[in-house]
Structures are given as structure tokens and as C-alpha cells.
1. Considering each of Val150, Val197 in turn, give the residue that is assigned to a helix (DSSP H, G or I) and surrounded by 21 or more Cβ atoms within 10 Å (Cβ to Cβ).
2. For segment 74-105, what are the residues that are under 15 Å from the mean Cα position of the chain (by Cα) and surrounded by 15 or more Cβ atoms within 10 Å (Cβ to Cβ)?
3. Test Glu216 against the stated conditions and say whether it is farther than 30 Å from Ala135 by Cα, of a type outside the set (Ser, Thr, Tyr) and modelled with pLDDT under 95.
4. Looking at (1) closer than 21 Å to Ala221 by Cα; (2) in a helix (DSSP H, G or I), can you tell me which one Gly155 breaks?
5. Condition test on Gly130, is it in contact with a helix residue (DSSP H, G or I) (Cβ under 6 Å, 6 or more places away or on another chain) and closer than 30 Å to Glu84 by Cβ?
6. Can you give me the number of residues within segment 135-145 that are within 23 Å of Gln95 (Cβ to Cβ) and either surrounded by 20 or more Cβ atoms within 10 Å (Cβ to Cβ) or among the hydroxyl-bearing types (Ser, Thr, Tyr) (or both)?
Amino acid sequence: MMNPTAEELMPRTKRGVQIYWRAALIPLSLLILATLRFVFHAPMWVLIIGCLWIPAYYLIYPVVLGKRWQSFDREFTVRFQRSEYKQLLAYYKSQWFLRRFGPRAEMMGKLGLIYAAMQRYRDAEQVLEGAVEAADAATKDRLYFNLANVKFELGKHAAAEQIYRSMKPGSPYRHAAQAHLALIDLRRGERVDEARVVLKHERKRASGALRERIEEALAAAGA
């Protein structure tokens, strides 16, 4: 069975001019109800039934969406920590409702993490670029950092460096970004002494794959 591509699993949106139709729902509904009442002389019970979608959409729908997202987020975290990436990809694919109606940037960001963990870096790059484009200010920093890591893995060091250097001083990813910048310098043979000092300092706080990469880089540099 063929693996699903990034395009197949990315939440779908139409390109070109984006119409924020949700903002027009109530005015459009009022126009329709007024037309029914004053043009077609519809009885009041028809108008009342026509108004029932408003509490359903603005009160019930967000609750359902929130519960599904929380359940998905918990399950994603557990499976990702267990390194069950193939199963997690299948689980993601099964979440049609969230992929269609859930938070677009967050969903794409999680798909990008799955692809990166599976070393499908080109798919991860495509998805995360879309996630960054769709993200708000609260999530863009994290998604941008994940995109930089993928570009680093693809050997696109100039693009990765640009993103790492854009990390704000207060960003929680600033130290990891500094470590990656030092790794890039070592690979280029630039500012080698400074890169060694940075990596030795960041090694204390790094963990997982980044710590292993720092150890390997320092060993190869004879530090």
C-alpha cells in the first residue's frame, strides 16, 4: 500500500481570494429570513426553525470541535512519544472532521512533525511551509522553528540559518536555534572556535537528537 502524500493529507483550502464566509453567515441568514417573511409571506414557525442553526453553530459546534481536538491532541502526544509514527500517520488520516474543520495550522504542524520523524523531509517541508502561512502569531514561532529543522535536515543550510537567526531573544527555541547555527558554522568551517564554545555551552541544556548531534559534531571537531 502506498504512503499518503502530503497533498492528500493537508487540510484543503481554495487558492486565490479567500472569502471569510463565516463572518457573513448571520447577515446572509437575516436577509434570507426577511425575504421569506416579506416576499414569500412565510409563517413565523418557518422563521423560528430557520433561526435554530445560529445557537447550534455558535454554541454546540465549537464544543464538539474543541472536544475532538483535545482528544486528538492527547492521542497524538502519546503515540509520538512512543515513536509510533506509521500508526500515527494512519490515525491522522482518519481524522477527517479535524482536517476539514479543525485548526488548520495546528493540524498541518502535527502532520509535518510526523513526516519529519519518518524522515520524509520533503513532505514535511511542504506541509510546514503551509502551516507557517496559515498560523497566527501564537503558533508561528514554533512552526517556523520546526520548518528550519527540516530545512537543516535537507541540507538547505542558508534557508535554515535565516529562520534560526529570526528567532526572537525571548523565544523558547532560541537556544536550540543557536546550537543549530553553530552546527552549520562547523559544517562550513566558519567561526569554528566560536561554534565549539556555543555547542559546549548548549550541550548542557540540549536533549534527544540535538544533544547527540552536538556530541558528534564536537567529537568530529576534536573538541
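The values are calculated or read from the model by the stated rules, or taken from the named source; none is laboratory data. Model, not experiment: these values are computed from the prediction. We place every Cβ from the backbone using ideal geometry, glycine too, and count neighbours over all the protein chains shown.
1. Val150
2. Scanning segment 74-105 gives Phe76, Phe80, Leu89, Tyr92, Leu98, Arg99, Phe101, Gly102, Pro103, Arg104, Ala105.
3. yes
4. So Gly155 meets the others, but not (2).
5. Yes, satisfied.
6. 3
Residue-wise test of (1) part of a helix (DSSP H, G or I); (2) closer than 22 Å to Ala148 by Cβ.
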| residue | (1), (2) |
| --- | --- |
| Gln70 | yes, no |
| Phe97 | yes, no |
| Leu111 | yes, yes |
| Gln119 | no, yes |
| Gln126 | yes, yes |
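Per-residue answers, yes or no, for (1) at pLDDT 90 or above; (2) basic (Lys, Arg); (3) within 30 Å of Val127 (Cα to Cα):
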| position | (1), (2), (3) |
| --- | --- |
| Asn149 | yes, no, yes |
| Lys156 | yes, yes, yes |
| Ser171 | no, no, yes |
| Ile184 | yes, no, yes |
| Lys200 | yes, yes, no |
| Lys204 | no, yes, no |
| Ala220 | no, no, no |
